[in-house]
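Colleague: Can you read through this structure? Questions will come right after.
Values quoted throughout were computed directly from the atomic coordinates according to the rules given, and no laboratory measurement underlies them. Quantities reported herein were computed from a predicted structural model and do not represent experimental measurements. Don't worry about glycine lacking a Cβ; one is built from the backbone with ideal geometry, like all the others, and counts go over all protein chains shown.
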């Protein structure tokens, strides 16, 4: 027997669906979804963003007030929110992956610690790269682009409509490949220099076996790594600006087009 008794008004049901999608994206956003930002601060921000973005969502169907229809729509919003959140997280995961690659090549893996601000476990370079990415994101108004992308999601995928297509997981898999490509681009200058240094130290070890290459090479690699980092900061900032703006919007758009 089908239950036809209204659960809640359709306007409130639509607002709950909007908050669910926005809340999941914010939860998976690096830094904001960590323990450093308390839950009482995250929930009001999600509600405020939902109030701001509600005019961009089409009017809800009266059927949303029915329990079964609302439950199906809520499940759909959870899927969409998780997909969009993973797309945003993949962009910052590329930056963290590049920092981890460089840090372990420099030997900083022995000093890896937990960073509660971003909820990650890594070296000091992880904190440096993620902090630079966050500063570039806000400095280039990338957060405005992210809010605008969220507004477009409600126009392209209105709450309470059909479920996402089967191409959505394929889009997330494609974003994984793009994540590795971005990590390689970000870490290539320093990682490439350290690779050349390792080859040179290997040849030096073959020519002078009496020399302790490990104790000589480790400080030399750290000095070389920081020297190349200092020289590549303008290139790094320009690359991070592209990743945190165009790359972020591109990742969200890719998931949206696959989910339609």
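Colleague: Between residue 156 and residue 227, 0.36 nm times their residue separation minus their Cα-Cα distance comes to what?
Modeller: 20.9 nm
Colleague: Modelled label-to-label distance, residue 11 and residue 43, 7 Å Cα→beta-carbon offset: nm?
Modeller: About 2.3 nm separates the two model spin labels.
Colleague: I've got another one for you. Given the peptides 215-228, 127-140, 77-90, 188-201, arrange them by the average over their residues of other C-beta atoms within 10 Å, most packed first.
Modeller: Going from most to least packed, we get 77-90, 127-140, 188-201, 215-228.
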